[in-house]
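Inspection log for the structure reproduced underneath, given as structure tokens.
The values are calculated or read from the model by the stated rules, or taken from the named source; none is laboratory data. Here the structure is a predicted model, which means the values were calculated and not measured. Virtual Cβ from ideal backbone geometry, glycine too; neighbours counted across all protein chains shown. For accessibility, only protein heavy atoms count, side chains too; no ligands or nucleic acids. Shrake-Rupley method; radii C 1.70, N 1.55, O 1.52, S 1.80 Å.
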Amino acid sequence: RPRVGRAGSKHRARLGDARVVVSMGWLPRLHPMLKAGLTSGTIMSGGDLICQTIEQRSRTFQADTPPFAVRGVDPAEEASTSGRTSGVVSAVQERMGLANYDLVRTARFFGVGLTLHGPFFNKTLGVIEHLVGPARCPRAAAKKVALGHVFLFPSYAFLFNVWMGGLEGKGFEGGVRKFMDTWSTVFVAGSVFWPAANMVNFMYCPPKHRVLFLNGGGLFWNAFLSYQNAKSNAKNALCLPLEAIKKQR
């Protein structure tokens, strides 16, 4: 059998490398904002699915939810916060074992991650890095955590609720109402969870991986946000019929 020299081996290796580059060539060409948005959207939709799974298994959320008649919600539409879905969508959901899941609600979380969370933190974490510097010592990390918690955390919490209110068709006013309903609980929980997580992020993660770390830590945080968002929806659904009764009087 003819022997292949080193030159031939290198040539074949180069061809193999070329095939890999061609097959994965689309990945490096994605804009950093788009990469961050796609990653955030995937994680946030995953967090919402976790939240819906917990809701269905524990039933505590449903027990706290007012009856259909009080909330002014048609029982036929209660299975989905987005109203009736088409027969085709329902069939696909049943086939995938997701018949009891509100996939439109999940899609809204994906939209928030794609258009808000990913781009927002991709940009603002870079600003904090520029202000404090690239050092990863505890002192520098603590400064970055403090800046993030004082400026980024409340501003993102407000924007999240406004974004979600818009996607739910409730407008800016509905988003502000959501923010007011959930802010105190979210702030207390976030003040416990995020400073510790961000110390690890700023001390050990290189800048290009920090949004990815936030998304990893945020999987269960987004499940918590999803629960708070759904709880606010239920509360406001109860208030609307009561306001209508007051106006009639």
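The residues listed here are Phe153, Phe120, Phe160; of these, the one that is of a type in the set (Phe, Trp, Tyr), in contact with a His (Cβ under 9 Å, 6 or more places away or on another chain) and farther than 15 Å from Pro206 by Cα is Phe160.
Within the range 33-54, residues that are over 14 Å from His117 (Cα atoms) and in a helix (DSSP H, G or I) have Cβ atoms under 9 Å from residues that are of a type in the set (Lys, Arg) and open to solvent by 10 Å² or more (accessible area, probe 1.4 Å) in these pairs: Asp48/Arg105; Asp48/Arg108; Gln52/Arg105, counting only partners at least 6 apart in sequence or on another chain.
Does Lys143 qualify as being at pLDDT 90 or above, over 15 Å from the mean Cα position of the chain (by Cα) and either closer than 26 Å to Pro32 by Cα or in a helix (DSSP H, G or I) (or both)? The answer is yes for Lys143.
Assess whether Val150 counts as being open to solvent by 60 Å² or more (accessible area, probe 1.4 Å) and under 21 Å from Ala189 (Cα atoms).
Yes: the conditions hold for Val150.
When Ala135 is evaluated against the numbered criteria (1) in contact with a helix residue (DSSP H, G or I) (Cβ under 7 Å, 6 or more places away or on another chain); (2) farther than 21 Å from Gly41 by Cα; (3) open to solvent by less than 50 Å² (accessible area, probe 1.4 Å), which criterion, by number, is the only one it fails? Unmet for Ala135, out of (1) in contact with a helix residue (DSSP H, G or I) (Cβ under 7 Å, 6 or more places away or on another chain); (2) farther than 21 Å from Gly41 by Cα; (3) open to solvent by less than 50 Å² (accessible area, probe 1.4 Å): (1). With respect to the stated conditions, Lys208 is closer than 30 Å to Lys143 by Cβ and open to solvent by 60 Å² or more (accessible area, probe 1.4 Å). The residues of the range 159-209 that are basic (Lys, Arg), modelled with pLDDT of 90 or more and part of a helix (DSSP H, G or I), listed by number, are Arg177, Lys178.
Cβ-Cβ contacts under 7 Å between residues 6 or more apart (or on different chains), taken from a first residue in the range 102-128 that is surrounded by fewer than 22 Cβ atoms within 10 Å (Cβ to Cβ) to a second residue that is outside any helix (DSSP H, G or I) and modelled with pLDDT under 95, are listed as Asp102/Ser80; Asp102/Thr81; Asp102/Ser82; Val104/Ser80; Val104/Ser82.
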